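Right, one structure below, let's go through it.
The values are calculated or read from the model by the stated rules, or taken from the named source; none is laboratory data. Predicted, not measured: the structure shown is a model, and the values here were computed from it. No Cβ is skipped: glycine too gets one built from the backbone with ideal geometry, and neighbour counts run over all protein chains shown.
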Amino acid sequence: MKTVFITCLVVLAGCMYSCMPAKGMDNKENATTHLNANEKMTQEITAKEMIDKGFSKGTITSSKSEACPYILTVDTYVDSLDPINLTDFFKADAVPELVWIKYANLRRPNRCDAGRPVSVLEVMLRTE
């Protein structure tokens, strides 16, 4: 009985220790520094690195058509694309114009005549 009590006490102490926050992580200054470092890393990524990762350079424009509210133009292709799930990544009023994008072609009927439908897999902001 005594060994069971000691074992339970050790397990409980281990659980309590693992639930403690790491030193310095509760400090807002460290969190801000971490965010600034991530922003710098994002800006330092070059076009070649993004293309090597499978991204395409794209431009998003808003359309007047209700059927497809956004048109995606990718630099490597001539035709326009209709990103059907773009609002999963951005709010409707905050869609950026310049992006790095990974997408998959969809075998489904077109929603509008402006572009063929694609599903957005990943998207990142582009500054250039």
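Annotations
- Screening the candidates 99, 118 for the property of being buried (at least 16 other Cβ atoms within 10 Å of the Cβ), within 14 Å of the chain's Cα centre (by Cα) and in contact (Cβ under 8 Å) with a residue 12 or more places away in the chain yields one hit, 99.
- Considered as a group, the residues in segment 68-125 that are in contact with a helix residue (DSSP H, G or I) (Cβ under 7 Å, 6 or more places away or on another chain) and part of a strand (DSSP E or B) include one that is farthest from residue 54 (Cα to Cα), and that residue is 70.
- Filter result for the condition that a residue is of a type in the set (Asp, Glu) and modelled with pLDDT under 85, over 75, 52, 88, 79: 79
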